[in-house]
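The values are calculated or read from the model by the stated rules, or taken from the named source; none is laboratory data. Just so we're clear, the structure is a prediction, and the values are computed from it rather than from any experiment. With ideal geometry, Cβ positions are generated from the backbone for all residues, glycine too; neighbour counts draw on all protein chains shown.
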Amino acid sequence: MIRRQGRRSKVAVLMVAAALVLAACGARGAGADGGGGAEGENFTIKFSHVVTPATPKGQAAQRFKEVVEERSGGRITVEIYPNSELYGDKDELQALQSNSVQMLAPASAKFTTVAPALQVLDLPFLFDSVEDIPEVVSPDSAAGKAIYENEALAASNIKVMGLWDNGLKQLSSNTEMRTPDSLAGLSFRIQPSDVLRTQFEKWGASSTPLAFAEVYNALQQGVVNGQENPYSNIESQNMHTVQSHITESNHGYIGYVLVINNQFFETLPADLQEVVQTSADEASTYNRDVAAKLNAEARATIEEAGTTTILDLTPEERQAFKDAVVPSVWEQYADVVGPDLIADLLAEQNSQ
Ligand code: LMR
């Protein structure tokens, strides 16, 4: 009898203690500081992407992880899953929205179904050289605003944290491609973007949207004849080993939209929200610093491999590719991208 009473009082003490702990947590949570989450609580950010760790995106993700973990004093851990090992192109946005991962940096074209206006970054010949990129995609530019303030992304619980670069795309296939006519009848793998489909149509080629992880096999097995990507993606996926020709066309851009699950972000205490944003900014600067260098190194590696002839176009030859798609493709997608934005971009092009 005495022993049973002792056990009951121990249980009561434990219940009171548990209630006190819960009350204390409640007081610290709910964000008197504007954020959510309890002080002292630890968080994990799963960051999934589809390229290798050696690429401009892979390296920027690594830098982001290092900076966040250091600045948060270990309260945030970033787990990076590269190379489509956790999620690939077809399911990563869904994984982000369901909070199975918290961050991604997909290329603009991967947002086509969620936020079609992001195809602005897929417009052919948006940039003539990599030096033009930072200005055109800065948060204050017309194109930058269209991305940072995109309502479709916000409505999908997706918050933009930055814009990362890979760089400019080159054409690869098993045929010399010196003029747009030389693409006639070839089929190219594209990212899932209508703008990209139309670009290849204008050059007389057909296109098939495929996930990035499928590109090497599709080229090797002849499912498609060619593809378009910056050198770093071509080299790191060994695409050059199954493509005899690359044309350095610099005809399009691979820009990444660094995104976070907004609900997750809101649950972070305000100081950690700040850490995540400033670390994203630092990773963006780092990404810009390394992207051009990594692409130049990848081109050199491809040249050394001796598998692929790289053709540098003359300005006139590049212009012929451009004339076939600008302004026609830009104008065709004015309603998708935004008529004012297209008018601004065309005015900028014409003033050059
Ligand atoms: C592609 O699918 O070709 C690229 O978007 C891959 C990437 O993330 O750079």
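Quick look at the values:
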| item | result |
| --- | --- |
| Qualifying positions in the range 245-264 - among the hydrophobic types (A, V, I, L, M, F, W, C), closer than 19 Å to HIS49 by Cα and either within 15 Å of the ligand (Cβ to nearest atom) or assigned to a helix (DSSP H, G or I) (or both) | ILE254, VAL257, LEU258, VAL259, PHE264 |
| Test: residue in the range 99-108 that is within 15 Å of the chain's Cα centre (by Cα), part of a helix (DSSP H, G or I) and at pLDDT 95 or above | yes |
| Lone unmet requirement of (1) touching a Lys or Arg at 6+ places or on another chain (Cβ under 7 Å); (2) under 27 Å from VAL130 (Cβ atoms); (3) of a type in the set (S, T, N, Q); (4) within 14 Å of the ligand (Cβ to nearest atom) for THR208 | (2) |
| Matching residues, the range 48-80, being of a type outside the set (S, T, N, Q) and within 13 Å of the ligand (Cβ to nearest atom) | HIS49, VAL50, VAL51, PRO53, ALA54, PRO56, LYS57, GLY58, ALA60, ALA61 |
| Subset of the range 221-241 that is hydrophobic (A, V, I, L, M, F, W, C) and in contact (Cβ under 8 Å) with a residue 60 or more places away in the chain - its residue that is surrounded by the most Cβ atoms within 10 Å (Cβ to Cβ) | ILE234 |
| Filter pass, GLU235 being within 15 Å of the ligand (Cβ to nearest atom), within 17 Å of the chain's Cα centre (by Cα) and of a type outside the set (A, V, I, L, M, F, W, C) | no |
| Subset of the range 53-82 that is in a loop (DSSP other than H, G, I, E, B) and more than 13 Å from the chain's Cα centre (by Cα) - its residue that is nearest to ARG299 (Cα to Cα) | ALA54 |
| Strands (runs of 3 or more DSSP E) completely within the range 146-233 that count 3 or more residues being closer than 16 Å to HIS251 by Cα and touching a Gly at 6+ places or on another chain (Cβ under 6 Å) | 158-173 |
